[in-house]
1. Within region A:201-248, work out how many residues are of a type outside the set (Ser, Thr, Tyr), without any contact (Cβ under 8 Å) to a residue 24 or more places away in the chain and outside any loop (DSSP other than H, G, I, E, B).
2. Mind listing whichever residues of region A:146-164 are among the aliphatic types (A, V, I, L, M) and open to solvent by 50 Å² or more (accessible area, probe 1.4 Å)?
3. Could you say which residue among B:Leu106, B:Leu113, B:Leu127, B:Leu140 is assigned to a helix (DSSP H, G or I), open to solvent by 10 Å² or more (accessible area, probe 1.4 Å), at the interface with chain A (Cβ under 9 Å from one of its Cβ atoms) and within 30 Å of A:Gly262 (Cβ to Cβ)?
4. Which of the residues that make up region B:63-103 are out of contact with any Phe, Trp or Tyr (no Cβ under 6 Å at 6 or more places or on another chain) and outside any helix (DSSP H, G or I)?
5. Hey, does region A:91-102 have a residue that's over 21 Å from the mean Cα position of the chain (by Cα) and open to solvent by 10 Å² or more (accessible area, probe 1.4 Å)?
6. Residues to consider are B:Gly231, B:Gly236; find the one that is within 12 Å of chain A (Cβ to nearest Cβ), without any contact (Cβ under 8 Å) to a residue 60 or more places away in the chain, of a type in the set (Gly, Ala, Ser) and outside any helix (DSSP H, G or I).
7. Please specify each residue of region B:33-49 satisfying the condition of being free of Cβ contacts under 8 Å to residues at least 24 places away in the same chain and over 23 Å from B:Ser252 (Cα atoms).
8. Conditions: (1) aliphatic (A, V, I, L, M); (2) over 27 Å from A:Phe247 (Cα atoms); (3) surrounded by 19 or more Cβ atoms within 10 Å (Cβ to Cβ). A:Val122 meets all but one. Number of the miss?
Amino acid sequence: MAGGGGTGGGVSASTYAGLRYWLLLPSWLVLGFIVLAPVGVMLIYSFLTKEFRGGVIWEFTLDAYDQFFFDRGLFGDEPPKIEWTYILIFWRSIWQAGAATLLALVIGFPTAYFIATRPERVRPIWVFLITIPYWVNLLIRTVSMKFLLRDQGPLNDFLIWTGLIDTPIHVINTDVAVQIGLFYSYLPFMVLPIYAAVERYDFALSEAAADLYATKWVALRRVLLPSVRPGVIAGCILVYVPSLGAFLAPDLLGGAKNFMIGSLIEEQFKGNAGNWPFGAAASMILLTMVMIILLLFARQQARAEREG
Amino acid sequence: MAAGRNDIRTYRGFGTVTYLCLFILYAPLIVVAVYSFNASRSITIWEGVSLAWYRDVFTGPESAKFKQAAINSFSIAAIAATLSTMIALSAATALVRGGRFGLRTLSFGLISLPLMVPEIVTAVATLIFFSAIGFTRGYLTILAAHIAFCIPFAYMPISARMQGIEESYEQAAMDLYATRGQAFRRVLLPMMMPGIVSGFLLAFIISLDDFIITNFVKGAGVETLPTAIFGAVKQGIRPNIMAISTMLLAVSILMVTISYFVSKSDDAR
């Protein structure tokens with residue numbers, strides 16, 4: 001500590017080095033007890049026997065995972081067949097989240113690019129406008145979307161009034177409604193990282209490409225896009241991951257037929273199914289999927305950084 | 001500017017998509033806000049402007065329920081934001097001003113954990129954990145969960161702000177015989193204020209807005225505004241729900257705006 005003032009020079013700030021473990025202790029305790037330990041207990045629960053009407057019996061079993069992947073008949077004595085119900089629910093989530101991500105990319109990329117090429121003074125205002133909706137309650141935004149998309153909702157009324165359609169378009173309680181809901185929920189997440197990447201991009205590269213007779217669109221695809229790819233991937237991850245485990249959009253916009261992972265899990269704890277180990281197992285599978293995606297993403301970002 | 005349309009940086013249509021993007025983001029919110037002033041009992045027919053549904057929220061048959069939910073929501077948000085901001089400030093001081101050490105990366109990972117684990121998984125895990133240790137679900141379990149997942153949101157602006165302040169200020173104070181505690185309180189803390197306020201406000205909104213985790217850990221009988229709204233919406237969207245949503249929406253936007261200007265004001269220096 002003593003004499004650190006003169007040699008500081010930005011090497012590594014360390015005024016509070018002596019206290020660092022004390023300073024970290026509260027965050028370790030709170031996050032350890034309320035996030036990390038619970039995930040561990042959840043893992044254990046996924047291997048326990050279910051108690052009817054919620055809760056568990058402390059007996060080790062693989063039943064929860066077995067039920068997820070295999071169908072052994074009503075009494076569990078038939079030869080195992082693949083159980084498609086839950087795999088299909090996961091598949092639907094993977095697909096729905098993918099569609100929402102693609103939609104967000106189509107709208108989000110041009111938006112991010114446009115904002116990043118505005119004069120420097122007004123960019124923060126644009127970014128702020130894009131961010132505000134994210135801070136508005138997700139539940140309220142999803143309810144608003146439901147209100148807007150209803151058969152007798154303002155959107156259909158408007159389209160009928162303009163004469164574009166004669167009868168209301170039925171969107172609510174379909175896959176499309178869920179995709180729109182997910183897209184709407186996480187759109188700002190797509191714009192922000194792409195914006196950050198394009199803002200750092202050196203447009204001299206595009207100009208050089210143009211000098212070498214590349215058209216504007218070729219310059220975009222072959223020069224700009226590879227440079228901002230880490231930002232694009234980050235945006236896709238930030239939309240895809242929360243979409244995968246979403247509960248509100250499928251529940252409020254998809255109706256009972258359009259189950260996704262989030263609804264399946266929720267039903268084990270809040271709904272009638274009441275199978276805690278199974279819900280814990282489904283959560284573990286979801287968590288594993290997300291961690292794999294994040295790990296691949298971290299590796300990809302590290303590689304992109306090395307390549308400069 | 002003369003280059004205009006043929007400028008290599010401009011792509012035709014991108015501007016249109018941007019305005020479309022803003023329209024998509026705001027249209028549903030504006031529509032609900034407008035319809036919350038509808039005089040009609042029906043949510044479909046427009047019968048003119050009225051404050052009837054706002055009056056209904058405060059004095060109608062469900063007003064007691066909403067009032068209790070609002071008290072729960074705001075008190076939990078205030079306590080959770082205060083505590084998570086203090087925890088985040090303490091952690092940021094260690095991670096930004098504590099030199100290099102082995103547990104640094106791990107600690108940072110732990111703080112970002114609530115951002116990486118899907119919300120529904122955190123919700124399930126917390127519910128199971130409270131049940132396993134025999135904790136009765138209610139106000140306190142909601143509060144505990146909120147403190148935890150608000151930490152990363154409070155941490156981000158606080159650590160960004162601290163990284164932007166050179167350590168030489170505190171070193172100078174200590175060279176002039178200030179103790180480390182004095183240097184922190186009298187030098188670092190005042191300069192940290194914009195980051196702290198911004199972190200507190202973001203944590204407050206995140207707590208106020210949470211539905212998924214609250215819904216899992218709340219137990220019977222304790223409602224927050226989002227869980228009360230969700231319960232009501234399950235019976236169908238009614239005008240009083242739109243009024244209450246509009247108010248909540250206004251609170252969130254107000255707080256983000258304050259947070260934005262607080263962090264912007266110090267950029268200007």
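1. Qualifying residue count, region A:201-248: 17.
2. Filtering region A:146-164 down to residues among the aliphatic types (A, V, I, L, M) leaves A:148-149, A:155, A:159-160, A:164.
Once the filter is applied, which keeps residues that are among the aliphatic types (A, V, I, L, M) and open to solvent by 50 Å² or more (accessible area, probe 1.4 Å), region A:146-164 yields A:Leu155, A:Ile160, A:Leu164.
3. Numbers: B:Leu106 fails: at the interface with chain A (Cβ under 9 Å from one of its Cβ atoms); B:Leu127 fails: open to solvent by 10 Å² or more (accessible area, probe 1.4 Å); B:Leu140 fails: at the interface with chain A (Cβ under 9 Å from one of its Cβ atoms).
Only one candidate passes the filter, namely B:Leu113.
4. B:Gly99, B:Arg100, B:Phe101, B:Gly102, B:Leu103
5. No; the residues of region A:91-102 include none that is over 21 Å from the mean Cα position of the chain (by Cα) and open to solvent by 10 Å² or more (accessible area, probe 1.4 Å).
6. Numbers: B:Gly231 fails: outside any helix (DSSP H, G or I).
That would be B:Gly236, the only listed residue that is within 12 Å of chain A (Cβ to nearest Cβ), without any contact (Cβ under 8 Å) to a residue 60 or more places away in the chain, of a type in the set (Gly, Ala, Ser) and outside any helix (DSSP H, G or I).
7. B:Ala39, B:Ser42, B:Thr44, B:Ile45, B:Trp46, B:Glu47, B:Gly48, B:Val49
8. That leaves (3) as the condition not met.
The values are calculated or read from the model by the stated rules, or taken from the named source; none is laboratory data. Here the structure is a predicted model, which is why all the values come from computation and not from measurement. No Cβ is skipped: glycine too gets one built from the backbone with ideal geometry, and neighbour counts run over all protein chains shown. Side chains included, ligands, DNA and RNA excluded: accessible areas come from the protein's heavy atoms. Shrake-Rupley method; radii C 1.70, N 1.55, O 1.52, S 1.80 Å.
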